[in-house]
1. Being closer than 25 Å to Phe348 by Cα and loosely packed, with under 13 Cβ neighbours inside 10 Å narrows it down to one residue among Asp392, Asp408, Asp430; which is it?
2. If I filter region 35-53 down to residues being charged (D, E, K, R) and either under 16 Å from Glu257 (Cα atoms) or modelled with pLDDT of 50 or more (or both), which single residue comes out as most open to solvent (accessible area, probe 1.4 Å)?
3. Can you tell me which residue within region 331-348, out of those that are part of a loop (DSSP other than H, G, I, E, B) and of a type in the set (D, E, K, R), is modelled with the lowest pLDDT?
4. Can you confirm whether Ile381 is touching a Pro at 6+ places or on another chain (Cβ under 7 Å) and at pLDDT below 95?
5. Which one of Thr143, Thr111 is touching a residue at least 24 places away in the same chain (Cβ under 8 Å) and among the hydroxyl-bearing types (Ser, Thr, Tyr)?
6. Tell me, which residue of region 367-382 that is under 15 Å from Tyr432 (Cα atoms) and either out of contact with any Lys or Arg (no Cβ under 8 Å at 6 or more places or on another chain) or small (Gly, Ala, Ser) (or both) is surrounded by the fewest Cβ atoms within 10 Å (Cβ to Cβ)?
7. Would you confirm whether or not region 116-125 contains a residue that is surrounded by fewer than 18 Cβ atoms within 10 Å (Cβ to Cβ) and either among the hydrophobic types (A, V, I, L, M, F, W, C) or modelled with pLDDT of 90 or more (or both)?
8. So, in region 127-140, of the ones that are surrounded by fewer than 16 Cβ atoms within 10 Å (Cβ to Cβ) and either in contact with a Ser or Thr (Cβ under 8 Å, 6 or more places away or on another chain) or touching a residue at least 24 places away in the same chain (Cβ under 8 Å) (or both), which residue ends up nearest to Val87 (Cα to Cα)?
Amino acid sequence: MSNIVAIVGRPNVGKSTFFNRLVQRREAIVDSVSGVTRDRNYGKSEWNGKEFSVIDTGGYVKGSDDIFEGEIRRQVELAIDEADAIVFVVDVEEGITPMDAEVAKLLRKVTKPVILAVNKVDNAKRESDAFEFYNLGLGEYFTISGMSGSGTGDLLDKIVEVLPELPEVDENPEELPRFAVVGRPNAGKSSFINALIGEDRFVVTDIAGTTRDAIDTKYNRFGFEFNLVDTAGIRRKAKVKEDLEFYSVMRSVRAIEHADVCILVIDATRGFEGQDQSIFWLAEKNRKGIVILVNKWDLVEKDTMTTVEYERKIREQISPFTDVPILFVSALTKQRLLKALETAVHVFESRKNRIPTSKFNEVMLPIIERNPPPAIKGKYIKIKYCMQLPTDIPQFVFFANLPQYVKDPYKRFIENKLREIYDFEGVPIDIYFRQK
């Protein structure tokens with residue numbers, strides 16, 4: 001699990017450019033998240049050996065100019081609540097605007113580290129123009145150019161300096177799997193957890209000042225034993241709108257990073273919405289096992305085709321990663337909850353599945369020989385050897401004479417064959433082609 005740095009500020013100050021520079025230069029693990037209002041809103045960055053997650057709040061602003069201010073205010077409040085450090089980006093070209101002053105007013109009240117970044121400073125005149133931003137009352141500022149990258153090194157030095165030291169975590173506590181219960185607000189996460197633990201309470205207690213951690217709770221009932229990572233009980237600000245997509249994704253980041261399997265709870269009465277898709281792709285990009293629970297199924301009017309049609313629509317929206325278990329449950333009536341736990345455990349075991357190299361070649365090479373990659377420019381691609389990499393997640397490498405000519409459709413063909421033959425349900429797979 002890593003610290004979270006939130007980038008805040010009004011629209012068009014260059015937050016996304018700065019964000020892209022951070023995650024691309026630091027070799028982002030997570031790229032774009034499908035289904036959200038902008039690309040590249042969540043990523044990983046690393047500087048001087050310290051890794052942290054980056055949230056670009058600008059990716060979530062929706063609506064016309066007249067409601068921007070209210071949206072930004074809510075985003076800043078969420079960033080204050082959830083992030084470990086906040087980078088406030090302003091634009092030297094436009095100077096201090098009323099919206100900048102409003103954001104600064106909020107940030108002056110917080111105890112968390114706030115770093116002021118004056119963007120678009122790419123010459124000496126603009127360097128002197130930046131003095132104006134002392135008037136925001138946030139003290140020291142850093143001049144940067146998100147476009148050229150100048151000044152970002154000093155800013156990153158400051159970020160890693162102010163980030164709190166994370167407590168030591170036992171990465172292998174009794175080798176118990178970690179299951180994260182994630183989903184947008186009001187999908188029934190709390191009801192699901194309460195039904196599992198047999199008590200009407202949140203797993204995460206409301207303790208002042210501890211709003212940021214997804215906490216492990218050991219679960220040991222009905223023959224199952226695992227650590228439950230919960231986002232449902234984390235303290236909410238009353239003034240934060242619960243239907244804000246930013247809320248769901250930011251709350252889910254830590255829990256997803258800290259989990260082996262993500263149990264995505266969706267509301268059957270509302271369908272698989274944009275926020276659900278955002279969280280699904282967040283888990284997929286982090287290469288976590290995934291189980292989708294369609295909760296409140298007892299409230300849906302059904303006929304003989306309702307379940308099939310509902311499942312088909314979800315699989316369309318999560319394509320091409322469709323090999324994901326989808327269960328229809330009710331936390332209220334406890335319908336199929338044990339099946340949900342069985343499935344999550346099964347996905348965890350599938351994620352650890354290891355195939356001996358000799359057996360893997362015996363199975364895959366004849367398939368490849370019958371269905372070789374298509375020739376490119378008269379050049380034939382030959383794959384002579386393959387193996388599973390010794391990593392924590394299923395990753396496979398195929399050695400070829402011309403790996404650069406292997407295209408995505410063939411990679412999908414190989415992945416589909418792997419899923420047909422081996423049990424990787426609910427588990428993202430990485431496939432690489434390398435020079436033999």
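1. Going through Asp392, Asp408, Asp430 in turn, the sole match is Asp392.
2. That would be Glu51.
3. Across region 331-348, the extreme among qualifying residues is Lys334.
4. Yes, satisfied.
5. Of Thr143, Thr111, the one residue that is touching a residue at least 24 places away in the same chain (Cβ under 8 Å) and among the hydroxyl-bearing types (Ser, Thr, Tyr) is Thr143.
6. Lys382
7. So far as region 116-125 goes, yes, one or more of its residues are surrounded by fewer than 18 Cβ atoms within 10 Å (Cβ to Cβ) and either among the hydrophobic types (A, V, I, L, M, F, W, C) or modelled with pLDDT of 90 or more (or both).
8. My answer is Glu140.
The values are calculated or read from the model by the stated rules, or taken from the named source; none is laboratory data. Remember, it's a predicted structure, so these values are computed and weren't measured experimentally. In this analysis, Cβ positions are derived from the backbone assuming ideal geometry, glycine residues included, and neighbour counts consider all displayed protein chains. For accessibility, only protein heavy atoms count, side chains too; no ligands or nucleic acids. Shrake-Rupley method; radii C 1.70, N 1.55, O 1.52, S 1.80 Å.
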